[in-house]
Structure formats: structure tokens, C-alpha cells
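Beneath this line is the structure, given in C-alpha cells, with notes to follow.
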Amino acid sequence: MPELVSIDEIRAAAARLDGVALRTPLVPFPRIEPPLLLKPESLQPTGSFKLRGAYTAISALSAEARRRGVVAHSSGNHAQAVAYAAALLHVPATVVIPANAPSVKIAATRACGAEVIISEPGLPARLAATDELVARHGYTIIPPFDDRGVIAGQGTVGLEIAVDCPAADLVLCPISGGGLISGIAAAVKALCPAAKIIGVEPELAADARDSFRQRQRVAWPSAQTQRTVADALRVEQIGELPLQHMLSFVHDVVTVSEDEICEAVRRLALEARLVAEPGGAVAVAACLFRTSELPAARIRVAVLSGGNIDPALLAEILGPPE
């Protein structure tokens, strides 16, 4: 089994990120019991937690690797984070994004100065395009989730939760490829070992739940995962290193429906005054609608992992004014 990311690696990532990533606050969700605190990574400069891992990984590269440039594949948020981090570090960046990614994410990535390559939807197509670019140009891959540096960077979310609210006994986190929950779980369990970590994903893209239950990586067909409105969570299979972290640290994985995801987006906007994309809202959806499936807790923390939602979709979810 590969060695798990340590709290020392996560603290080192936090030092790298000082002055780059926002130390996001814990924001109470109003009028809800037991208390629910939101960790709004939507407030990051790139609109999601992905900046933490991308900058950590790129900043650790050698001068020669930086000169050659980096490449990443992403459904959108990691692409934007790599483009932004690379620009800060003066590193050339190319990103592979599937054709069905929200246009707002593609435009934001281009605005950061990265070259954007559009691929067919699905992880295999993204990987093939990325591998071809590496072979042709010698770029260094910045993986979206299955990487120690990336996981350590995402783990700074958990480090901040543990420091700011050591009494939290339940932490809920969205799952796509598994990098975020891996880092958060490693940090929280190191500092608050009694806390339980719960992963959350859409019912229509529940490969992580199946992998967790079967204790081995389970892939879902791309045609199935593409059905969910949560475009950030459409990865068909979690990473190998994330699975090892989940089996070591995570208590359970629950799923939420499409209606519950959209209602969580709506309530976050109207009640908590926070903009969330569907994938960023799933942990909150679990707290709102799946409490019977969650462990009892006195203080819950839900990670709002991103807010890069297409404006037209947000308007549709909010509906006409009453």
C-alpha cells in the first residue's frame, strides 16, 4: 500500500500557500440544528478549492520542469486552478477540458493565459490527450487528484477546519476523484481523531461509494456519470492513492439526488448568501436531506468546494422572484 500523505506534508503545503490561497472562514448556515458550519472554498480566487493543490504541486517543480511547462486535464475547476497558479509562477500551462464543461470554466481558464485543448467527454479521452501532449512537448503533468502534492495542498482545507473548530465531530466533503477528501481526512484525523469524515457524491455518479464499499476502485461508464448536473463530480473512477486514504480515514460515503443538489444550491444562495455550483453543494445537500444516513453530531462542517456555476443554470435553479 502506498504511504499516506502526512500532516507534515500538509503543513508544508500550507506554508507554500500562504498569501496565495484564501484562508476561508467557517460560516454558520442559519436556523439549522445541529449546528452546521460551511467551509466556502467558492471564495478562492479561482472559485474552488483546486487552487490549493495546483499551486502546491507546481511550486514544488524544478526550474527545468517549470521552463518546459505543465499540462493538466480537468472538467473545469482544476484547469482554472492550474492556469492561475502557473501564471503566478510564470510557468507555461496547457489544459485539456472536455467539450461538455461549462463555458464559464473554459473562459476563466483561457483568461488566466493557459492554452486550452478541448477533448471528448470522459476520463479516457482526457488522459489520452494529456499523454499525447506530454510525449510531444515534455510537459509535466499536474494530476487533478491522484498525486501526493495535490492531496497535501487540498489537505490544507482540513488543517484549517481542525484549527478553527477543533470541536467539530462530523466533516462532510464532496468526492470526485478523491483528492479533496483524502487531504481533508488526513489532516482532520491527525488533529481531531474523534471526528468522523463523510464523503458525498451524486446518486448518478456514485463510483466512490461503490469503491469504498467494495474496497477496490470501481469505475462507472462515462455515459452514466455525465448525467448528473454536478459537472465537477463526473469523474468515472477515484484515484488509487485517494482510495487508500478513504479506506484508512473515511467513515462512510453517502449520495444525494439531483433535486437535493439543486435545492442545496438554491438554499445556499438564499439563506447563507453563498454561491455554489452543483458539485460544490453536495455535502450541504447531505446535511439538509440525508441526516438519517449520517452519524449523530454536535457540530457539523460541510465543505462547499466550489462556486463556478453557469449563470443561466443558477438563474434556473433560483427560479423567478416570488
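Here, each number is a calculation from the coordinates, and none is a lab measurement. Keep in mind that this is a model prediction, so the values were computed, not measured. We place every Cβ from the backbone using ideal geometry, glycine too, and count neighbours over all the protein chains shown.
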Out of segment 273-305, which trypsin sites (Lys or Arg not before Pro) are coil in DSSP terms and have no more than 11 other C-beta atoms within 10 Å? Arg273, Arg298
Using a Gaussian network for the chain with springs between C-alpha atoms less than 10 Å apart, which of these wobbles most: Ile117, Ile151, Ile184? Ile117
Connecting C-alpha atoms closer than 10 Å in a GNM of the chain, tell me which of Val82, Val253, Val104 has the biggest fluctuation. Val104
Over segment 1-94, what lengths in whole Å, largest first, do the semi-axes of the equivalent ellipsoid take, defined as the square roots of 5 times the eigenvalues of the alpha-carbon gyration tensor? 29, 17, 12
Given axes a ≥ b ≥ c from the Cα gyration tensor, I'd like to know whether segment 136-245 is rounded (a/c under 1.5), prolate (a/b larger than b/c) or oblate. oblate
Qualifying aspartates and glutamates (Cα of each under 17 Å from Cα of Lys105; at least 8 residues distant if same chain): Glu41, Glu115, Glu120, Asp231, Glu277, Asp310
May I ask for the net charge around Val303, where only other residues with Cβ less than 9 Å from the Cβ of Val303 are counted and Lys, Arg are +1 while Asp, Glu are -1? 0
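Compute the Kirkwood hydrodynamic radius of segment 242-299, taking the inverse of the mean of 1/r over all pairs of distinct Cα atoms, and give it in Å to one decimal. Intermediate values should be presented prior to the final figure.
Values: mean 1/r = 0.0801 Å⁻¹.
12.5 Å is the Kirkwood radius here.
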How big is the equivalent ellipsoid of the chain along its three axes, where each semi-axis is √(5λ) from the Cα gyration tensor, reported in whole Å from largest to smallest? 28, 22, 19
J(HN,Hα) series, segment 33-46, from Karplus relation 6.51 cos²θ - 1.76 cosθ + 1.60, nearest Hz, glycine and proline x: 10, x, x, 10, 9, 9, 9, x, 5, 4, 7, 4, x, 9
Average projection area in nm² (convex hull over Cα atoms of segment 51-141, one quarter of hull surface): 5.0
